[in-house]
1. What nm value, rounded to one decimal, do you get for the distance between Gln188 and Asp76 when each label is placed 7 Å out toward the C-beta?
2. If you take the beta carbon distance between Arg59 and Ser85 as r and set R0 to 22 Å, what does 1/(1 + (r/R0)^6) give as a FRET efficiency, to the nearest 0.05?
3. In whole Hz, what ³J(HN,Hα) sequence does the range 112-120 give by Karplus (6.51, -1.76, 1.60; θ = phi - 60°), x for Gly and Pro?
4. Express the carbon and sulfur contribution to the solvent-accessible surface of the chain as a percent, rounded to the nearest whole number, probe 1.4 angstrom.
5. Phe190's amide H: which non-local residues (gap 5+, or another chain) put their own amide H closer than 5 Å, with H modeled 1.01 Å from N in plane and none for Pro or chain starts?
6. What does the extension gain come out to for Arg34 and Ala14, with contour length at 0.36 nm per residue minus their alpha carbon separation?
7. Taking springs between alpha-carbon atoms closer than 10 angstrom, which of Ser60, Ser101, Ser159 fluctuates most in the Gaussian network model of the chain?
8. Name the residues whose placed amide hydrogens come within less than 5 Å of the amide hydrogen of Leu144, ignoring near sequence neighbours (fewer than 5 apart) on the same chain.
Amino acid sequence: MKLQVVVHRARLGAEEFRVVRPARPLTRALLVDRDRYLNAYLDQDAARDIAGLWMLAARSPRSLVHVPIRANRPPDGAVPDGMGSRLDLVLLHHSLQFAPSRWKQVRGRIGPGRPQTASLTVAEPDDLTRVDHAARHHRENRDLFHQHLHAETLFMTGSAQVFRATVGHFLDIARKGPGYIEAHPGSQHFCTELHSNDGTLGNAREVHIEYCDQWAA
């Protein structure tokens, strides 16, 4: 899988941060804070791109992977009134030990950036079944997502393993969503979820991920 990104640098005093953004804006993507859980709405292209960014976060422990989507329009008919706050997304490896409270400063100092093509090996669905799901429930397990909210941004912090183990949610949306909607015209809802029972969420809320093919112009 080839993913076009832009690599930016942001300097705060003596520290420099590497911020990676998708080269193509994800205009048909929306992330909403619904209080008890989070809702992501994606079309096929956005789901495929986020799958790539998910894998990029897995292999780039020194980077902040930033997906700026909070200004996007919502999909037609899928988002109720009073839907909640719209959020950007940042994916990062826990070893970076980045404090989300610094994000607003970092974001304000991001330079122009350099285009780059990332070659990614994305797990096929059959590969994901070989993950040791039982091990996720062990007390010493560190392969969990933790979330923070700051500056209208959701931070998903995790290990390489948990990013690799959960990328299948976005692949499912990209691969199966369009065909499901076409085959089930009376049921316009195809979704998946980062669920609390999956053993991938630590200090984190569930994320409901929904395929949407109709978006406002």
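1. Modelled inter-label distance: 0.7 nm.
2. 0.15
3. x, x, 10, x, 8, 9, 9, 9, 10
4. 46 percent
5. Result for Phe190 returns Tyr211.
6. Residue separation times 0.36 nm, minus the Cα-Cα distance, leaves 3.4 nm.
7. In the Gaussian network model the winner is Ser101.
8. Those qualifying (amide H under 5 Å, at least 5 residues apart or on another chain) are Ser159.
The values are calculated or read from the model by the stated rules, or taken from the named source; none is laboratory data. Keep in mind that this is a model prediction, so the values were computed, not measured. Here Cβ is always computed from backbone atoms with ideal geometry, including for glycine, and neighbour counts include all displayed protein chains. The area values use the complete protein model at the heavy-atom level, side chains included, leaving out ligands, DNA and RNA. Shrake-Rupley method; radii C 1.70, N 1.55, O 1.52, S 1.80 Å.
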